[in-house]
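For reference, the structure is listed below as structure tokens.
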Amino acid sequence: MRRLVRRLYAQARLSDPAYRFLFDEPPHGEVVAIDCETTGLDPHVDEIIAIAAIRIRDDRILTSERFQAIARTSRKSSPEAIKVHQLLDRDIEQGRPIGELVPELLRFIGPRPVVGYYTAFDKSMISKYTKAYLGIPLPNEAIDISGMYYDLRYGHDWGHLTIDLSFRKIAHDLEIPMLPQHDAFNDALMTAMMYLQLRDMARRGVRIAA
């Protein structure tokens, strides 16, 4: 109910009616896996420098239906962030203005739920721009693979002293091949593979063994 109220409120505050499609019913069986690389970890001040999104339809990952771009930013990456995403300032300078990318990204995502690893962060980064351009945060439903993994690995066993929800641990337990990490497309692709496997296990009632 609270989510419905938030959506209705966002729909009423949408400043550009051309984006009402964000509130349509999503195509049946479709979600979008997303990943953002950023200049840092604070959505209030940091910026997106690379983003990738891949559509998933039923049980298929549609790598031919993808969005992938590097964004030109006004804020330089922190040294710690550069170690993670490996994008230098000169690489980012060749990117496109974020004001061009966000409308394309929104049209690609449409009303589909977005799937990610700690999706709240990616969604908050995208929402930073949708608030500026449309007056609202990204309204799409968010699905988090770390939460899905937690439910299947730890959710019914409170005896664990340590809980590991790292991307690498999830990939290892699901036997997902590790592509070079912190590349937006690779991370979105691995996220898509994790999502399909976790969803299938949940449907069949299969738990992840300790």
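The values are calculated or read from the model by the stated rules, or taken from the named source; none is laboratory data. Since we're looking at a predicted model, the values are computed, not measured. Glycine also receives a Cβ, built like all others from the backbone with ideal geometry; neighbour counts cover every protein chain displayed.
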For the stretch 149-187: of the residues being within 14 Å of the chain's Cα centre (by Cα) and not in a loop (DSSP other than H, G, I, E, B), which is surrounded by the fewest Cβ atoms within 10 Å (Cβ to Cβ)?
N186
Which pairs have Cβ atoms under 7 Å, sit 6 or more apart or on different chains, and link a residue in the stretch 122-138 that is farther than 18 Å from A12 by Cβ and surrounded by fewer than 21 Cβ atoms within 10 Å (Cβ to Cβ) to one that is acidic (D, E) and modelled with pLDDT under 95?
none
Kindly indicate whether S166 is within 30 Å of I70 (Cβ to Cβ), in contact with a helix residue (DSSP H, G or I) (Cβ under 8 Å, 6 or more places away or on another chain) and not charged (D, E, K, R).
no
Find all pairs meeting these conditions: Cβ atoms under 6 angstrom apart; at least six residues apart or on different chains; first residue within the stretch 1-30 and surrounded by 10 or more Cβ atoms within 10 Å (Cβ to Cβ); second residue polar (S, T, N, Q) and part of a helix (DSSP H, G or I).
F23/Q11
Subset of the stretch 45-73 (residues that are touching an Asp or Glu at 6+ places or on another chain (Cβ under 6 Å) and part of a strand (DSSP E or B)):
I49, A50, A52, R55, R57
Does the stretch 148-166 contain any residue that is within 29 Å of I49 (Cα to Cα) and of a type in the set (D, E, K, R)?
yes
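Applying the selection to the stretch 188-210, what residues are of a type in the set (G, A, S) and either at pLDDT 90 or above or surrounded by 13 or more Cβ atoms within 10 Å (Cβ to Cβ) (or both)?
A188, A192, A202, G205
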Residue check for L101: of a type outside the set (S, T, Y), at pLDDT 85 or above and over 20 Å from T39 (Cα atoms):
no
Among the candidates D42, D59, D46, single out the residue that is acidic (D, E), exposed (fewer than 14 other Cβ atoms within 10 Å of the Cβ) and in contact (Cβ under 8 Å) with a residue 60 or more places away in the chain.
D59
All positions within the stretch 3-19 that are under 14 Å from N140 (Cα atoms) and in a helix (DSSP H, G or I):
R3, L4, V5, R6, R7, L8, Y9, A10, Q11, Y19
Among the residues listed as K128, K123, the single one being assigned to a helix (DSSP H, G or I) and either in contact with a helix residue (DSSP H, G or I) (Cβ under 6 Å, 6 or more places away or on another chain) or at pLDDT below 95 (or both):
K128
